[in-house]
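Comments concern the structure below.
The values are calculated or read from the model by the stated rules, or taken from the named source; none is laboratory data. Here the structure is a predicted model, which is why all the values come from computation and not from measurement. Please note: Cβ atoms are built from the backbone with ideal geometry, for glycine as well, and neighbour counts cover all protein chains shown. To get the accessible areas, we keep the full protein, side chains included, count just its heavy atoms, and leave off ligands, DNA and RNA. Shrake-Rupley method; radii C 1.70, N 1.55, O 1.52, S 1.80 Å.
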Amino acid sequence: MGRTASVIAVAALAVAGFAAEPRLEIADVVLEGNRAVHPDRVRFVIEARAGKTFTQSALQQAVADDVKAIERMGPFTSTRSELVYGDDGRTVKVVYRFKELPYVADIRWETYERLARQGGRLERWEGQGDWEWGTLGYFDKDSLEKVIETKTGSWLNPMLMENDRRAVLRKLYEDGRRHARVEVEQREKDGAVTVVFRVDRGRDVEVGRVEVEGLPAELSLRIFDPGILNPQGLLNAAGKPYQPELVPLDEGSVVRTLQDLGWLDARLIRTRREMTDLVRPTDERRRHGPELVPDGEFNDRVVLIYTIEAGSRYRLGKVQFVGNTVASSADLREAFRMAEGDWFKRTDLYGDGGRAARRGDDGLGAIERSRRVVSNQGYARCEVRVDRRVDTAKHIVDLTLHVEEGRKYRIGRVEVHGNRVTRDSVVRRALYLNPGDRWSDDESDESLRQVERTGVFNGPRTPPRPLRIEKSFPEDRPDEVDLEVQVDERSTGSLNFQLGYSTASGVFGSLGYTESNFDILKVLSGEAYRGANQSLSFQLFAGEDRTSVSASWSDPHIFDGPHSLGLSGFRSDSTALEWREIRTGGTATVGRYFLRDDLLLQASYGYTNLKVKDVSYNAPDDAVTGNFYWNTLGLAQTYDRVNDRQTPTSGYVLTTGENFNGAPLSGSSDWLEVNGKAIGFVPLHQTEEGGVTFLKLAGRYRQEWAIDDSFDVPFYARYRGGGSAPAHRGFEQYRLSPTAYNRWNYFSYTGGTLDVLFTGELSYPVQQINEGLRVVGFVDYGNVWGEGKSISPTHMRTAVGLGIRLPQAMPISLDFAWLLGKRESHESGTQIHFGMSAINF
């Protein structure tokens, strides 16, 4: 009782003392140090104001907060405060002293370049010679401006300026400018400052060649390739800037890669660095052959030579499983796949880290495949612990795999995060893990594949926010696992306008709009227009030989079910052929998905009206003026295994179709068309930003037959190849065709009924992302045959070329093609083709 009373008494005294603390009135607030900044801007952010009263402790805290607030404004530094008390002890004057930073009016870049006299004239180079200050080039300046924090329109901070100098120097080092120097100075004028970065870039030092000495016989016959020896690639690889501080990491990488291939005793003996000169094409030394010579004139290339001792290669010994109750050891060993006596390779054991597409398999290692035999039955926390026993005498490694199964789980809650615009249902309908289902790693991977294929979200390996499914185990529901699907929406709409010229169409203009995440229900209800993964497109084209307008809409999953619906319409007026034709038509398509959305079966109805006018003297004999029409019943079968339907980089698509034109409905003529397409994407390399270099292989076959009494396919329906992709790019538009002299003895393109084309394209992402600029190299191989003819390899025509693919926001393709083996006088050896949309084969 006495102790409680003492505590209460102490608390009462403390309260009384606090209440008795005198209050001080601020008589004035003085600001010292501001020059260009108006004092009212400072007074606006501080709490201390004339006339306000504070206790002593509250005043000290307020002034301390004011100092921080002034510093956060940006224009000031070295802020200090002082309290000047009045004689009466009841008033106080608050003084803030600071230094105003100068205003950055401009940032300039100057380069200290060496000049050498070559052939009686001065040329800039990176050797020795006279010196001159010059202006840094645009692209060099642009890359350096990205690493500095000082910006035009900001306030100059001396400490920040020094950090910027170091950042620029570090960037130059990373680019291989090992002898670079950077100075920074400020030039004041009219109260503002121009910051000048003076850059001496020095010589550009790159890695000229990488060699490995002491490779085992199995590898020594190969030219050293970092992509083979080290799947991640060396940091100092041939052609990359030389960064000596990263050489130790590469040393470990070389040794580790050999160990991963089975040489467990591999070790590094030494690393040699040899400085050489890159022999320029115009250099006299080039006549002697080698590109790298140790003459010491430039010393701008480094040859890295790693000497290793590989030792013996190890094989896999016995594999035992311990702790497994859900699956038998025989089942686990079967899933393991690696046989006793196989080379002990790390990639075979642990997988390839997401590079499965290079080999065409699932990319899972032997251990993970065995683990999934258990985890796919609901054991979401199943783990496999590996014990290795190395027999150095026999050079084998025995494995004991401890299976820790854990509890069996079913799916609890499923939440979707990151979809700011897209409906949750777009993601949920792609998932194969739903509440109540048992957990499965395979179903989780399949869910990620299906979500990526919507084309609305970035993929599982696309930085900075890759697609993923995260697991959590709630304590209040011990038998359930909750899932969070983390998505990152990509840009799905584009409005483009182009004006240009091509040899096929002359002067042309195009206006188009596409949206692959359209939502018609939101539009009808007056809400936003995106979110349901529907496709909407409009296209208007006007050229010298053609004008057209088209529109289409499709929903891949009507009411989130397995059925699809598409509507399209078009009108075109063209003089590209030997007559003028006006086509108007539309198509309605319904479909049904099977095999986890990989197989799509479709049925369609279309109607086309055609008016032919102004038939030319060189038209085929059966070309006549008049009005024609036909109804079309179509069937289509598509098996789609691409990773992304908007920008595919791996997988394949197989498509077949049958179109009944005219009969059994009605039309001016009756003919049947069958077609088949196959396209595959083979990924070769992926950048850190997610851009994939891939090989595209495609084949197309189509043929048509008359099914009426005329026994001829009408002239307006026959195939005419040539033009921009997906046509044969070795020919002008519509100029790959059977030919004949018509009844007026004029040379005529008659058109064919059999069209075959094979295409191969190597596509490289220049901007290191899949949606950006691409450069392609291609080969086209095919022909068009007339009625009654069959495919003949001797008649196939080949073209090779290079092309550019602009980003999706401005989908233009430009191809330069060279026809190999020109056979006719009317054929041209070179072609230039413009495409007005993303190329889909």
*For the range 529-652, what class follows from the C-alpha gyration tensor (a ≥ b ≥ c being the square roots of its eigenvalues): rounded when a/c is under 1.5, otherwise prolate if a/b is larger than b/c, else oblate?*
prolate
*Pop a pseudo-label 7 angstrom from the Cα along the beta-carbon direction at both residue 802 and residue 582 and give the gap in nm to one decimal.*
4.5
*asked:* Residues of the range 249-276 with backbone nitrogen within less than 19 Å of a virtual label 7 Å along the Cα-to-Cβ line of residue 391, please, listed as ranges.
replied: 262-265
_How much accessible area per residue does the range 711-839 have, counting only protein heavy atoms and a probe of 1.4 Å, in square angstrom?_
45
*asked:* How big is the dipole moment of the range 337-465 about its Cα centre under a simple scheme where the beta carbon of each Lys and Arg is +1, that of each Asp and Glu is -1, and everything else is neutral? Debye, nearest 20, please.
replied: 480
*Viscosity 1.306 mPa s, 10 °C: Kirkwood-radius Stokes-Einstein D of the range 449-564 over Cα pairs, µm²/s*: 90
*Hey, rough spin-label estimate for residue 307 and residue 473, points 7 angstrom out along Cα→Cβ, what's it come to in nanometres?*
5.3
*Fully extended, how many nm does the chain gain between residue 542 and residue 95 (0.36 nm per residue separation, minus their Cα-Cα distance)?*
153.8 nm
*Of 107, 804, which has the most accessible area and how do the rest follow, probe 1.4 Å?*
804, 107
*asked:* If I take R0 = 56 Å and measure r between the Cβ atoms of residue 170 and residue 616 in this structure, what FRET efficiency does the formula 1/(1 + (r/R0)^6) give, to the nearest 0.05?
replied: 0.25
*Under the rule of -39500 (n - 2.57) per DSSP H run of 4 or more residues, summed and divided by the residues of the chain, what mean residue ellipticity at 222 nm is obtained, to the nearest 500 deg cm²/dmol?*
-4500 deg cm²/dmol
*What does the chain give for Rg and for Dmax, in Å, if only its C-alpha atoms count?*
36.5, 129
*asked:* Longer than 20 Å from Cα to Cα, which of 240/696; 68/99; 141/171; 151/189; 318/345; 345/394 are they? Say none if no pair is.
replied: 240/696
*Out of the range 672-732, which GluC sites (Glu not before Pro) are coil in DSSP terms and have no more than 11 other C-beta atoms within 10 Å?*
688
*asked:* For the range 666-790, compute Rg over Rh where Rg is the Cα radius of gyration and Rh is the Kirkwood radius from the inverse mean 1/r over Cα pairs.
replied: 1.13
*Rg to Rh for the range 743-796: what is it, with Cα atoms only and Rh by Kirkwood?*
1.25
*Could you work out the mean projected area of the convex hull around the alpha carbons of the range 709-748, in square nanometres to one decimal?*
3.8
*Protection proxy ranking of 300-308, 569-577 - average other beta-carbon atoms within 10 Å, highest first*: 300-308, 569-577
_If each residue of separation counts as 0.36 nm, what is the full-extension length gain between residue 404 and residue 571 once their alpha-carbon separation is subtracted?_
53.6 nm
*So, with a 1.4 angstrom probe, what is the percent of accessible area on the range 616-671 that is carbon and sulfur?*
56
*asked:* For the range 556-633, what does the accessible surface come to per residue with a 1.4 Å probe? Please give it in Å².
replied: 49
*How far apart, in nm, are the 7 Å Cα→Cβ label points at residue 249 and residue 818?*
4.1
_Two decimals, Cα atoms only, Kirkwood Rh: what is Rg/Rh over the range 337-469?_
1.05
*Evaluate E = 1/(1 + (r/R0)^6) for residue 69 and residue 322, where r is the Cβ-Cβ distance and R0 equals 41 Å; express this FRET efficiency to the nearest 0.05.*
0.05
*Hits among aspartates and glutamates - C-alpha to C-alpha of residue 613 under 20 Å, sequence gap 8 or more where chains match*: 544, 545, 573, 578, 581, 621, 622
*Setting aside same-chain residues fewer than 8 positions from residue 93, which aspartates and glutamates have a Cα under 20 Å from its Cα?*
21, 25, 28, 32, 40, 47, 65, 66, 82
*When the chain is fully extended, how far beyond the present Cα-Cα distance does residue 49 get from residue 27, taking 0.36 nm per residue of separation?*
7.1 nm
*asked:* Can you compute the FRET efficiency between residue 625 and residue 711 using 1/(1 + (r/R0)^6), with r the Cβ-Cβ distance and R0 = 22 Å? Round to the nearest 0.05.
replied: 0.50
*Tell me which aspartates and glutamates have Cα within less than 16 Å of residue 471's Cα, excluding those fewer than 8 residues away on the same chain?*
383, 415, 437, 441, 442, 443, 445, 446, 479, 480, 482, 484
